[in-house]
Amino acid sequence: MKPKRVIFWRKFGRIVGYVLLFVSFSGAVYLVSIWMFTIKSIIVVGTNIQVRVDEARLPKTLLLFPSATLRAQLLTDNPILADIQFQKKYPHTLVIVPTLRTAVVRLSLVSREVLVDESGIVLADADFTSAPLPRLVIPLTAVHIGEKIGDPRVTAGISFITGIRDTLQIRSISVEDERSLRAKSDKLDILFPQDGPIPVTLATLQTLLAGFRIKGTLPTFIDLRFNKPIIKF
């Protein structure tokens with residue numbers, strides 16, 4: 001009687017050989033592919049942006065580079081980034097394209113001024129070298145770089161400034177009372193509710209301004225806190 005081992009190898013030896021050959025071939029192809037697409041240079045595209053790359057933690061090959069995962073992680077860890085893209089230039093170059101958030105207002109707090117973007121994220125401290133921007137005067141005590149401000153007065157003020165900027169340039173917005181804000185342009189003061197729907201408020205204001213410009217006279221004061229706006233010349 002033949003040993004069971006001999007019978008096994010006669011029946012399955014060829015299959016086992018094919019499997020081992022396939023595994024060896026696949027492993028060799030994988031290693032060659034990794035070597036062929038090893039990251040040898042990294043290019044950062046962008047002005048006024050400094051990116052520090054930890055090459056020890058960065059994946060070594062373009063072939064398996066986790067662009068989506070790494071992008072999500074970096075955006076979470078760096079709130080001042082609006083976006084970051086990774087572009088693969090085969091065979092050996094990785095291009096990093098970061099996009100910074102853009103400040104739209106100078107937020108004047110109790111003891112400092114900061115630059116804030118359209119979504120309410122604090123980008124940096126403001127100083128005399130900062131670009132001239134509309135000033136939002138809200139008596140908050142403390143904010144931190146990278147923080148998203150949820151104060152409804154800040155949210156309403158930013159929405160008002162960005163929503164009307166193509167029609168009217170606002171110089172500043174400040175607190176009028178507990179429920180109202182005052183916007184100032186060069187020759188016009190506007191009172192509006194901080195808790196109202198800003199798009200509706202802006203639509204009313206734009207309609208009024210268009211009508212006044214057709215007539216050739218602009219008011220000096222508009223109160224939008226009531227169903228019927230109060231207007232003074």
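The values are calculated or read from the model by the stated rules, or taken from the named source; none is laboratory data. From a predicted model like this one, the values you see are computed outputs, not experimental measurements. Glycine also receives a Cβ, built like all others from the backbone with ideal geometry; neighbour counts cover every protein chain displayed.
Assorted remarks:
- So Ile80, is it surrounded by 13 or more Cβ atoms within 10 Å (Cβ to Cβ) and either at pLDDT below 80 or among the polar types (S, T, N, Q) (or both): no
- Lone qualifier among Leu133, Leu107 - being within 30 Å of Gly157 (Cβ to Cβ), assigned by TED's automatic domain parsing to the domain that holds Ser159, in a strand (DSSP E or B) and at pLDDT 75 or above: Leu107
- Residue match in the range 171-187 (condition: buried (at least 17 other Cβ atoms within 10 Å of the Cβ), in the same structural domain as Ile222 (by TED's automatic domain parsing) and more than 30 Å from Ile230 (Cβ to Cβ)): no
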